[in-house]
């Protein structure tokens, strides 16, 4: 690989020292000895690692190399909740040379509490809020991202990010994950390509965490990473289900007990409530929650469709009986993800299933 000149360009590294970018050139976590020029290898990278090891958030120094005086600037990147260092930005430039401002790199962390379903909480720093154009972010404060995930992440990226999260939960080992994804702008008129760099682990309380950084990406990176508009079997299944105009559909992340509506017209036709949190526990009648949790858990591990009659929240403030069928989404992406088809149930004495004879439709 051709070595990249670092002079006057910001370099981004992961906490282990793997190089993620040099200027506009983005890299997939490559050794500095392979990709950086002699200034980067002997001067800048050691200064960046010293700042990470010493926990220095801002570090400036001077160095002389090959009779040239260099200004060294290092900015350590920390997550907003635990303050864990996840990387650093560094610059080595000839003294008094004007340099570009550092790129916007946001830090974040997800904490997954053990349980059924597991609870996930996200923390973003102020740079993440700026990148996502989200004025509701309170840096360092816990954030339920189910609604944001539903509204602002484009469909193929949702599946890719779900796969990353599931991998982190199943095998929380300290290895580098790099994923390309897309977010929608606040008014839904365009997409912003992004790149996420993360590591997983566990704490003493048994919580699983994902910590890392994100930044806007470019077309070159989109070609190297999995295509952001790559067709997935999961999306093709949903497209087929949307042809069924008499039903409502949702995808369910069984691990976290969250859902995402599909084919909005079906939800409106049946009159199901718009639950902004995205949690199944707020969609289903409280008395039916344990049955629904068991149903989706069974469906995720089944190779055939499962059936359930259950009460879901309607737009009138009550609950209505529906018949739900579910099947797992196939493929390597989105493990523990299922798709559910929902249709109204006739609970008159003539049309009701035997176990529901004489039961009111509203509860």
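The values are calculated or read from the model by the stated rules, or taken from the named source; none is laboratory data. Keep in mind that what you see is a predicted model, and the values were worked out from it rather than measured. Neighbour counts are summed over all protein chains in view; Cβ atoms, including those assigned to glycine, are modelled from backbone coordinates with ideal geometry.
Here is a check on your reading of the model: is residue 323 surrounded by 19 or more Cβ atoms within 10 Å (Cβ to Cβ), modelled with pLDDT of 85 or more and outside any helix (DSSP H, G or I)? Walk me through how you get there before you give the answer.
Working: surrounded by 19 or more Cβ atoms within 10 Å (Cβ to Cβ): no; modelled with pLDDT of 85 or more: yes; outside any helix (DSSP H, G or I): yes.
In short, no.
Checking residue 147 against (1) touching a residue at least 60 places away in the same chain (Cβ under 8 Å); (2) under 30 Å from residue 251 (Cα atoms); (3) in contact with a strand residue (DSSP E or B) (Cβ under 9 Å, 6 or more places away or on another chain), which single condition isn't satisfied?
Every listed condition holds for residue 147 apart from (3).
Checking residue 90 against (1) part of a loop (DSSP other than H, G, I, E, B); (2) in contact with a helix residue (DSSP H, G or I) (Cβ under 6 Å, 6 or more places away or on another chain), only one condition comes out false. Which one?
In the conditions (1) part of a loop (DSSP other than H, G, I, E, B); (2) in contact with a helix residue (DSSP H, G or I) (Cβ under 6 Å, 6 or more places away or on another chain), residue 90 misses (1) alone.
Which of the residues belonging to segment 274-293 are farther than 24 Å from residue 145 by Cβ and touching a strand residue (DSSP E or B) at 6+ places or on another chain (Cβ under 9 Å)?
285, 287, 288, 291
Show me the strands (runs of 3 or more DSSP E) entirely contained within segment 1-83 in which 1 or more residues are at pLDDT 90 or above and surrounded by 20 or more Cβ atoms within 10 Å (Cβ to Cβ).
Details: elements: 11-14, 19-22, 25-30, 58-65, 68-78.
Per the criteria, 11-14, 19-22, 68-78.
Return yes when residue 206 is modelled with pLDDT of 70 or more, outside the structural domain of residue 275 (by TED's automatic domain parsing) and over 20 Å from residue 124 (Cα atoms) and no when it is not. Walk me through it before giving the result.
Numbers: modelled with pLDDT of 70 or more: yes; outside the structural domain of residue 275 (by TED's automatic domain parsing): yes; over 20 Å from residue 124 (Cα atoms): yes.
Yes.
Among all residue pairs at least 6 apart or on different chains, which show Cβ distances below 8 Å where the first residue, located in segment 186-209, is under 19 Å from residue 152 (Cβ atoms) and the second is loosely packed, with under 12 Cβ neighbours inside 10 Å?
Taking only residues 6 or more apart or on different chains, the pairs are 193/219.
Just one of (1) modelled with pLDDT of 75 or more; (2) more than 30 Å from residue 271 (Cβ to Cβ) trips up residue 247, so point out which.
Looking at each condition in turn, residue 247 falls short on (2).
Where residues in segment 305-320 are free of Cβ contacts under 8 Å to residues at least 24 places away in the same chain and closer than 18 Å to residue 346 by Cα, which of them is surrounded by the fewest Cβ atoms within 10 Å (Cβ to Cβ)?
Here the answer is 307.
Conditions tested, residue by residue: (1) within 20 Å of residue 253 (Cα to Cα); (2) at pLDDT below 75; (3) crowded, with 18+ Cβ neighbours inside 10 Å.
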{"site": "159", "(1), (2), (3)": "yes, yes, yes"}
{"site": "173", "(1), (2), (3)": "no, yes, no"}
{"site": "181", "(1), (2), (3)": "yes, no, yes"}
{"site": "191", "(1), (2), (3)": "no, no, no"}
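A quick yes/no check of all residues on (1) surrounded by fewer than 16 Cβ atoms within 10 Å (Cβ to Cβ); (2) outside the structural domain of residue 337 (by TED's automatic domain parsing); (3) modelled with pLDDT of 90 or more:
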{"residue": "266", "(1), (2), (3)": "no, no, no"}
{"residue": "270", "(1), (2), (3)": "no, no, no"}
{"residue": "277", "(1), (2), (3)": "yes, no, no"}
{"residue": "284", "(1), (2), (3)": "no, no, yes"}
{"residue": "287", "(1), (2), (3)": "yes, no, yes"}
{"residue": "297", "(1), (2), (3)": "no, no, no"}
{"residue": "303", "(1), (2), (3)": "yes, no, no"}
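If the requirement is being over 20 Å from residue 337 (Cα atoms) and out of contact with any helix residue (DSSP H, G or I) (no Cβ under 6 Å at 6 or more places or on another chain), which of these qualifies: 315, 311? Break it down stepwise before answering.
Working: 311 fails: out of contact with any helix residue (DSSP H, G or I) (no Cβ under 6 Å at 6 or more places or on another chain).
Going through 315, 311 in turn, the sole match is 315.
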